[in-house]
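Structure first, then comments.
The values are calculated or read from the model by the stated rules, or taken from the named source; none is laboratory data. Computed from a predicted structure; not experimentally measured. We place every Cβ from the backbone using ideal geometry, glycine too, and count neighbours over all the protein chains shown. Remember, those area values only see protein heavy atoms, side chains included, never the ligands or the DNA or RNA. Shrake-Rupley method; radii C 1.70, N 1.55, O 1.52, S 1.80 Å.
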Amino acid sequence: MTSNKTSHKTGETTGDTATWNRQDHPGKLLRIGGSLIDNGRGDKARTMAIEALGDRPDDPLVAAVARRIFQYEMPGFHRDMLLDRARNAAYRTAIEANARGRTVLDIGTGSGLLAIMAAKAGAAHVYACEGNAMLAATARTIVEANGLSDRITVFTTHSSRLDRNKDLGGGVDMIVSEVFADDLLGEYVLPTLDHARAELCAPGAIILPESAEIIVALADYPQKPADLSDIEGVDLSLFTPHARLHPTVRNGDPSFIVRSDPASMFHFDFSKGLPSERQSNVTLQSHGGSVGGIAQWLRIGFGGGVAYENAPGGDSDAHWGVCWTPLAEVLETRPGERFDVGGWHDDVALVLWDEG
C-alpha cells in the first residue's frame, strides 16, 4: 500500500461497493479500501476486499490488492506475537487458573485469542474490545468460527470508550490484556489499566498480568557508529542524534553478549494505582570484557508462579525485542567494575542512561 495517505484521504469514502466493478478497477478498490481504513471504517474495507475476492477468486491481481488492504497500516508485531509460544502458554495457564465463573474483559483483543482462552476456561461471559475496526471484524469472525458468539462480545472501540453499566453489565470481574511495548510503556498500558481498574471493574476484580518489571543489564553488541561527516561531500554530522542505532535486538542474537547480572529498574503492580512519573537508579557490576551499552527487557508476572521473560539468550520466538541504549563509546571493563545506570519513566516512555 502506498505510504502517501493523501491519496487515500482524498479518495472515495462512501458508497455501495456494488455500484462499480471491483474486478476491473483494482486501483479504485485499493484507494477506497485505504480511505475507509484511514477514516476508522476498516471493517467495511475488509468486507469490500472479501467481496472482491469472491467476485474473482482466481485473479492474482485482485488477491494481491485484497492482501494489501488486509495489511494496510497493520502493526508488524501481530504475527510474531501470535507465534510467541512461551507468551501464549503463560497467558493460557493464568487464564485457566482464574477465569472460571468470572466476567472477563480482554483489552486490545487483536485476533481474539485471549478472549477465546477465557471462554474455553469457563468464564461466565467475555467482553473484548479492539480499536482497529478491521481487526475487530476479523476477531468477531474467528469467535463465530469457534462457536463462541454467545459467550464472547467483541466491541469495535478502545477500552476508554466502554461504559461499565451499558456495555459491561455493571463491571467485569477480571481484566486480561497484552498492550505491552518492548519498553513496556509505549502502548499506553499504564493509563489504559488505570482507567479500566477505576471505571470498568466490579469490586475485587483481578488483572492479568498482575505485574511487570523493567530489567536492565550491561551488554555488548557489535556496532559501527554512523559516520555522517562526509555524505557525497556534505558534512551531515549534526544529523547524528537523529540516527537511531539498533534500538531493539532480536532475542537469540548470538552477537549480543550480556556483561553483568540483571537488575530490576522499575516494578509495576497493575492492581494498584501507579505514579505517572518515577526516577530510579541501579548499580551494575561488569563481568569483564567490552561493554557497549545497556540492555533492557521485560519480566511479566501472572501470579501463581507463572511468569514470562524475554531475557537475552532466551527463546528466539519472543516477539518483544531487547531494547538497547548504547554508551557514548565501547569500554573495556574489568570484572567487578561498577556502572551506575539511571532510569526515568512517565505514562508512555522510558529512558535509560549511564550516570558515569
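Yes/no matrix, rows are residues, columns are (1) among the aliphatic types (A, V, I, L, M); (2) more than 23 Å from R41 (Cα to Cα); (3) modelled with pLDDT under 95:
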| residue | (1), (2), (3) |
| --- | --- |
| V62 | yes, no, yes |
| S111 | no, no, yes |
| M117 | yes, yes, no |
| G171 | no, yes, no |
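Taken residue by residue, the range 177-190 has at least one member that is of a type in the set (A, V, I, L, M) and in a helix (DSSP H, G or I). Among the residues of the range 86-127, the ones that are in contact (Cβ under 8 Å) with a residue 40 or more places away in the chain and of a type in the set (D, E) come to 1 in all.
Quick check on this structure: which one of R161, R140, R244, R151 is at pLDDT 95 or above and either under 30 Å from F256 (Cβ atoms) or surrounded by fewer than 16 Cβ atoms within 10 Å (Cβ to Cβ) (or both)? Talk me through it step by step, then tell me what you get.
Numbers: R140 fails: either under 30 Å from F256 (Cβ atoms) or surrounded by fewer than 16 Cβ atoms within 10 Å (Cβ to Cβ) (or both); R244 fails: at pLDDT 95 or above; R151 fails: either under 30 Å from F256 (Cβ atoms) or surrounded by fewer than 16 Cβ atoms within 10 Å (Cβ to Cβ) (or both).
R161 is the lone residue from the list that is at pLDDT 95 or above and either under 30 Å from F256 (Cβ atoms) or surrounded by fewer than 16 Cβ atoms within 10 Å (Cβ to Cβ) (or both).
If you go through the range 113-128 one residue at a time, how many are within 16 Å of F155 (Cβ to Cβ) and either open to solvent by 10 Å² or more (accessible area, probe 1.4 Å) or part of a helix (DSSP H, G or I) (or both)? Of the residues in the range 113-128, 7 are within 16 Å of F155 (Cβ to Cβ) and either open to solvent by 10 Å² or more (accessible area, probe 1.4 Å) or part of a helix (DSSP H, G or I) (or both). Can you say whether A217 is closer than 20 Å to L114 by Cβ and aliphatic (A, V, I, L, M), as far as the supplied structure shows? The answer is no for A217. Within the range 218-228, at least one residue is in contact (Cβ under 8 Å) with a residue 40 or more places away in the chain, part of a loop (DSSP other than H, G, I, E, B), at negative phi and among the polar types (S, T, N, Q).
For the range 247-277, which positions are part of a strand (DSSP E or B) and open to solvent by 60 Å² or more (accessible area, probe 1.4 Å)? Correct list: T248, I257, H267.
Sub-6 Å Cβ pairs linking a first residue in the range 32-58 that is over 17 Å from A133 (Cα atoms) to a second residue that is of a type outside the set (A, V, I, L, M) and buried (at least 19 other Cβ atoms within 10 Å of the Cβ), at least 6 apart or interchain, are A52/R22; D55/R22, ordered by first then second residue.
So which residues in the range 229-241 are outside any loop (DSSP other than H, G, I, E, B), at pLDDT 80 or above and polar (S, T, N, Q), if there are any at all?
The initial filter retains those residues of the range 229-241 that are outside any loop (DSSP other than H, G, I, E, B), namely 231, 234, 237-241.
With the extra rule that they be at pLDDT 80 or above, the set shrinks to 231, 234, 237-239.
The answer is S237, and nothing else.
Taking the stated definitions as given, is S7 over 24 Å from the mean Cα position of the chain (by Cα), over 30 Å from V172 (Cα atoms), loosely packed, with under 15 Cβ neighbours inside 10 Å and modelled with pLDDT under 65? Judged against the criteria, S7 is a match.
Could you grab me the full set of residues in the range 310-339 that are at pLDDT 95 or above, out of contact with any Gly (no Cβ under 7 Å at 6 or more places or on another chain) and open to solvent by 70 Å² or more (accessible area, probe 1.4 Å)? Show your work before the answer.
Our first condition is that a residue be at pLDDT 95 or above; within the range 310-339, this holds for 332-339.
From the residues that got through so far, the ones that are out of contact with any Gly (no Cβ under 7 Å at 6 or more places or on another chain) too are 332, 336-339.
Scanning the range 310-339 gives E332, R338.
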